[in-house]
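Chemist: The structure's right below; bear with me while I get my questions together.
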Amino acid sequence: MEAAAQAEHEEDAVAAGGDGDALFGTETMAELCARQGRLPDAVAIYRNLLRGPSAGSGDDERRARWQRRLEELGRPQPAGEPPKITRGGLPPADARRAPATPTAPAASENGASRLAPAPRAGAVHRLPLVIREPVRSGQIVYAEKNDLIVLGPVNPGAQLIADGNIHVYSRLRGRAVAGAHGATDARIYCQRLEAELIGIDSAYLTTDDIPQERWGKTAEVLLQFGRCVVRPL
């Protein structure tokens, strides 16, 4: 019964199609839409992001950036003039994302750090979403609050997104974004990297950005100092 439920969950995840705004509604995808000239899609994604709940004071800077970008995309363009978009709409590669400021652990009255509460007894570990079939062009697979494991090839035009890590045990030729909702320590692992786009949170690399020495080979993608880095496994 559990296996049948997992298979049904996988089928629902792979079947997602259309423009993917509801599933792929991240800053990275908004900027990709803007770069492709799909300004209404980019505006819709930014509006959805701004309507979402705030994560606290640390989220103010990000929301202000989204608001500025929404205003830029909403300005009418002179006839015959393409929209003014920087590389993907994001800052240059060396400043696409500022490193997050580390926060110190909360201190108790005697100055000692408080440990996070222990997990509740009987808590069930959530297994990653596993996709065994090839992911075809136009399909979107989303692992919400989870890791994603893909055993088959990911074709051009296919999109993978996970709030956690992404593992592709085959050729990755489509797009993949891990840590989609702020998990900057998330990573992407694949056996053969030939991606159209790879990203961690809001930092990303396109085909032209991927180092030639890693093209077509095993790779790990991670964030270092706010930039996407590709290195061998």
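Chemist: Do we find that GLY226 is at pLDDT below 95 and in contact with a Pro (Cβ under 6 Å, 6 or more places away or on another chain) in this structure?
Modeler: Yes: the conditions hold for GLY226.
Chemist: Need the failing condition index for ILE188 against (1) surrounded by fewer than 21 Cβ atoms within 10 Å (Cβ to Cβ); (2) within 12 Å of the chain's Cα centre (by Cα), just the number.
Modeler: The number of the failed condition is (1).
Chemist: A further question follows. Tell me yes or no: at least one residue of the stretch 143-161 is in a strand (DSSP E or B), among the small types (Gly, Ala, Ser) and touching a helix residue (DSSP H, G or I) at 6+ places or on another chain (Cβ under 9 Å). Give the steps one after another, and end with the answer.
Modeler: From the stretch 143-161, those in a strand (DSSP E or B) are 143, 148-150, 154, 159-161; that's our starting set.
Of the ones still in play, those that are also among the small types (Gly, Ala, Ser) are 143.
So of that shortlist, the ones also touching a helix residue (DSSP H, G or I) at 6+ places or on another chain (Cβ under 9 Å) come out as 143.
Checked the stretch 143-161: at least one residue is in a strand (DSSP E or B), among the small types (Gly, Ala, Ser) and touching a helix residue (DSSP H, G or I) at 6+ places or on another chain (Cβ under 9 Å).
Chemist: Oh, and also: Give the residue that is nearest to the chain's Cα centre (by Cα), with candidates limited to residues of the stretch 212-233 that are part of a loop (DSSP other than H, G, I, E, B) and surrounded by fewer than 14 Cβ atoms within 10 Å (Cβ to Cβ).
Modeler: Within the stretch 212-233, the match that is nearest to the chain's Cα centre (by Cα) is PHE225.
Chemist: If you take the residues of the stretch 180-203 that are in a strand (DSSP E or B) and touching an Asp or Glu at 6+ places or on another chain (Cβ under 8 Å), which of them is nearest to ASN146 (Cα to Cα)?
Modeler: Taking the stretch 180-203 as the starting set, the residues that turn out to be in a strand (DSSP E or B) are 188-193, 197-200, 203.
Filter again for touching an Asp or Glu at 6+ places or on another chain (Cβ under 8 Å), leaving 188-189.
Values: ILE188: 13, TYR189: 15 Å.
So the residue we want is ILE188.
The values are calculated or read from the model by the stated rules, or taken from the named source; none is laboratory data. Not measured: the values here are computed from a predicted model. So basically every Cβ, Gly included, is an ideal-geometry build from the backbone, and we count neighbours across all protein chains shown.
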